[in-house]
1. I'm checking my understanding of the structure. Among residues of the range 10-61 that are hydroxyl-bearing (Ser, Thr, Tyr) and loosely packed, with under 10 Cβ neighbours inside 10 Å, which one is modelled with the highest pLDDT?
2. Determine, yes or no, whether residue 65 is open to solvent by less than 80 Å² (accessible area, probe 1.4 Å) and not small (Gly, Ala, Ser).
Amino acid sequence: MASIEKSPETEAVDFSSLEEEITATPPPLPVRAAPFVNSEPLPDYVEHREGVTRVGALSAEAVVRDYEATAKEIEAMGAELIDAAKRCEAMAAEVHGAIAFVRETAAAYREQGKNIFKRIEECAIFTEDVRKTCESVKRRMMEGIVS
């Protein structure tokens, strides 16, 4: 306390007695068995043992309440996971439906391509027949004119 500067306001205070007063250890409070006051009941899986002090009981309650709160949060995460899994299953079902639609569409396009392929070949054959017929007619006309 020697490092404290003195001001006109602090000169009248006896710092040595103040320091003794602050550092003096208060007498221990009597420990008496008081009924436990709980804001909420303890979880079913714990109960107080006979002879435990109030401080020990309160400490144990605080710890078990923290663990219980964490356990409830973990269960809530489990519920969220179940919900996410249900959404994934629904999405998977939608994907399977979409895949079936894509396969049907691809099959329809293949069928349409096959039909167009056939029509093009039929047109090519028909065009070749027309060309041959035209050449034949032209040749007969040329032979008829020449002969």
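1. Across the range 10-61, the extreme among qualifying residues is 45.
2. Yes: the conditions hold for residue 65.
The values are calculated or read from the model by the stated rules, or taken from the named source; none is laboratory data. This is a predicted model, so every value here is computed, not measured. FYI the Cβ positions are ideal-geometry reconstructions off the backbone, even for glycines, and counts take in every protein chain you see. Please note that ligands, DNA and RNA were not included when accessible areas were found on the heavy atoms of the full protein model with its side chains. Shrake-Rupley method; radii C 1.70, N 1.55, O 1.52, S 1.80 Å.
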